[in-house]
Amino acid sequence: STLFKTGSWMRGRLFLLDLGFFKYRRFALIDENDGFFVSRLKRSANPLITEELEEWRGRAIPLVGKQVFDIVGDLRRKEIDVTVEVSVKRRPYGEKQSVTPKRFRVVGVRDEDADDGYRLYMTNLPSTEFTPAEVSVLYRARWSVELLFRELKSRYELGSFQTEKPHIVRIQVLAALLTLVVS
């Protein structure tokens, strides 16, 4: 997590982050560098809902002004699509640390196997281009990447390197990937 460097190289890239990388500051830095992210919503986060991005007919429960996990158990919707506001703690300078409000999107897809009935994700992907179901599918792709890296670490011994030279590490990773593709 501490080796995750941000910068202009993030522009236009999508980061699928597991709960070990869940930090508002990291999300803000990705967003400010014109990158995109999808992460599971950490239960302890419980952000404040500021806007509903989908209108529901009938006697829908209003969500604005409430916190996500305080209401999610009462909902029966197929999907949740809201904007939330979080407080981003910036890097301390001297003895001061500023806090900036930042808005992100929280989407949820109904899943009876989930603890509260939904799989919830935080993202900055635009609601006009990605539905909650599509965000969920994107996040599930992260598991395929996890399995690939597990195989590379175990079968091709990429868990640790004998060098710190970036070009040699790159060669070892590419050789392992080529071997995996050929096999």
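The values are calculated or read from the model by the stated rules, or taken from the named source; none is laboratory data. Values in this document were obtained by computation on a predicted structure and should not be read as measured data. In this analysis, Cβ positions are derived from the backbone assuming ideal geometry, glycine residues included, and neighbour counts consider all displayed protein chains. To get the accessible areas, we keep the full protein, side chains included, count just its heavy atoms, and leave off ligands, DNA and RNA. Shrake-Rupley method; radii C 1.70, N 1.55, O 1.52, S 1.80 Å.
Scanning segment 23-44 for residues that are part of a loop (DSSP other than H, G, I, E, B) and either surrounded by fewer than 18 Cβ atoms within 10 Å (Cβ to Cβ) or basic (K, R) (or both) yields K23, N33, D34, K42, R43, S44.
Residues of segment 131-147 that are of a type outside the set (G, A, S) and open to solvent by 60 Å² or more (accessible area, probe 1.4 Å): T131, E134, V137, R140, W143, V145, E146, L147. May I ask you to verify whether V109 is touching an Asp or Glu at 6+ places or on another chain (Cβ under 8 Å) and either under 19 Å from R13 (Cβ atoms) or at pLDDT 85 or above (or both)? Answer is yes for this residue.
With respect to (1) open to solvent by less than 10 Å² (accessible area, probe 1.4 Å); (2) under 21 Å from the mean Cα position of the chain (by Cα), the lone exception for L63 is condition (2).
Pairs meeting the criteria (first residue in segment 20-38 and within 10 Å of V88 (Cβ to Cβ) and modelled with pLDDT under 95, second residue among the acidic types (D, E) and not in a helix (DSSP H, G or I), beta carbons under 9 Å, at least 6 apart or on different chains) are lacking.
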